[in-house]
1. Compute, for segment 223-271, the length of the dipole vector about the Cα centre, with Cβ point charges of +1 (Lys, Arg) and -1 (Asp, Glu) only. Units Debye, rounded to 20.
2. Can you tell me the FRET efficiency between residue 94 and residue 380 if r is taken as the Cβ-Cβ distance and R0 is 51 Å, rounded to the nearest 0.05?
3. So between residue 86 and residue 271, what do we pick up on full extension, going 0.36 nm a residue minus the alpha carbon distance?
4. Within the chain, what's the longest run with no GluC sites (Glu not before Pro) in a DSSP loop and at most 14 other beta-carbon atoms within 10 Å? Give the range, please.
5. Which of the trypsin sites (Lys or Arg not before Pro) across segment 210-254 are loop residues per DSSP, with 13 or fewer other Cβ within 10 Å?
6. Once the Cα atoms of the chain are picked out, what are the Rg and Dmax in Å?
7. In nm, to one decimal, how far is the modelled label at residue 27 from the one at residue 50, with both set 7 Å along Cα→Cβ?
8. Among 102, 179, 149, which residue has its Cα positioned farthest towards the positive end of the charge dipole of segment 52-180, with +1 placed on the Cβ of Lys and Arg, -1 on the Cβ of Asp and Glu, and the dipole taken about the Cα centre?
Amino acid sequence: MSLTIWTNCRAATMAPSAEHAHGLISDAALVVEGDTLAWVGPRADVPTDLLARCMVQHDAGGVLITPGLIDCHTHLVYGGDRAHEFELRLNGASYEEIARAGGGIASTVQATRAASAAELQASSSRRLQQLVGEGVTTIEIKSGYGLALEHERKCLQVARALGQTHAVEVRTTFLGAHAVPPEFAGRMDDYVDAVLHMLPILHAEGLVDAVDGFCERIAFSTTQMERVFAAAKGLGLPVKLHAEQLSDSGGAQLAARYHAQSADHLEWLSDEGAGAMAATGTVAVLLPGAFYFLRETKLPPIAMLRAHGVPMAISTDSNPGSSPCTSLLLMLNMACTLFRLTPEEALAGVTRHAAAALGLPDRGVLAAGKRADFVLWDVQHPAELAYALGSNPRLKTIFKGQVV
Ligand code: NIG
Ligand code: FE
């Protein structure tokens, strides 16, 4: 097979390196074979036998190349919007009060159930287009606004279909345990039974890559989530969890016990929870958009996560209620300004660690054998991606080896 070579670029490989921040190679070459990187390193070191097989040469024009960005936590497929609740909150109501009064997730469930697959496809496609336009090449999309078999199926099918119509890989997560739908009001455990009924059916239809839940005092208890996790484990499916967003419910420890790929939000994470996550390699997915939009004041314990060596990913949490956000670059900035991550930690959070949060070891760094998903940026230094507020310096995306 003939190869393609990209030269005249700086590459932030994001491979862990003691000497070079961002795994930076200042005069790099990337050799692509099909949808895979065959070789990455300094241009002067490209093996001659490989060079001889390079039939196509791309001059990157001296720009920066990074791995394709990975948005590892989104609720991208939903009907309607919640602009009205935004107004209510500005008039003094809290997110929890709105949720308890039947608004919040429940109002999006109503709008999502009312929407046809085609309508959901159209509205989600617009949001996805914005993320893809910023260099996102892998995205996770959760269900969780259908909360009944036919509607969860509809949302997961829409998510899968988005991966066919856009140059991006979609990973789907079943979030049946997101909220209790109105027909189960006051019967939470019965709804958990319903979730356990839906899961194997949707899994058999090939619609589920992972299982998630919202573990919180306004949502499901650790005991209820454990039933869902046990069922997921029985099907061989990986789990993840919305944990310690509004209170410390011990969700991180539960997630770790089930070797979760990630525990997400984590503003109220305890030292014990961080220790448990470190022991199982569970990634901490930090969501600065939700923190900002809900005007939270309790920061996720970054120093504690660092001290325990828990890998940190960053994501948009794109959803209508707590983070109506379709910019992963803005999240890079907010991870630095709000959470005080370094630009390097933030970029690792949307590349290497985001890949780990999805259980995808084949991407997230530029190295031989990894997928040829990468982005050309009109910047000199990778820190500029987190620094420039509201700009999009993306020039070109290469997805599975092909220029998009
Ligand atoms: O990740 N925490 C739960 N789920 C979403 C919010 C969902 C909503 O308000 O619609 C989140 O923040
Ligand atoms: Fe979320």
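Laboratory data are not the source of any read-out in this text; all were calculated from the coordinates shown. The structure displayed is predicted, hence computed values, not measured ones. Neighbour counts run over all protein chains shown; Cβ positions are idealised from the backbone, glycine included.
1. Values: 4 positive and 6 negative charges, 74 e Å.
Charge dipole of segment 223-271: 360 debye, to the nearest 20.
2. Efficiency for this residue pair is about 0.70.
3. Extra length available between residue 86 and residue 271 comes to 63.3 nm.
4. On the way: sites that count: 19, 205.
Longest gap between qualifying sites, sites excluded: 206-404.
5. Details: sites: 217, 227, 233, 240; in loops: 217.
Sites meeting the loop and neighbour criteria: 217.
6. Computed over the Cα atoms of the chain, radius of gyration and Dmax are 20.9, 69 Å.
7. Calculated label separation equals 1.7 nm.
8. 149
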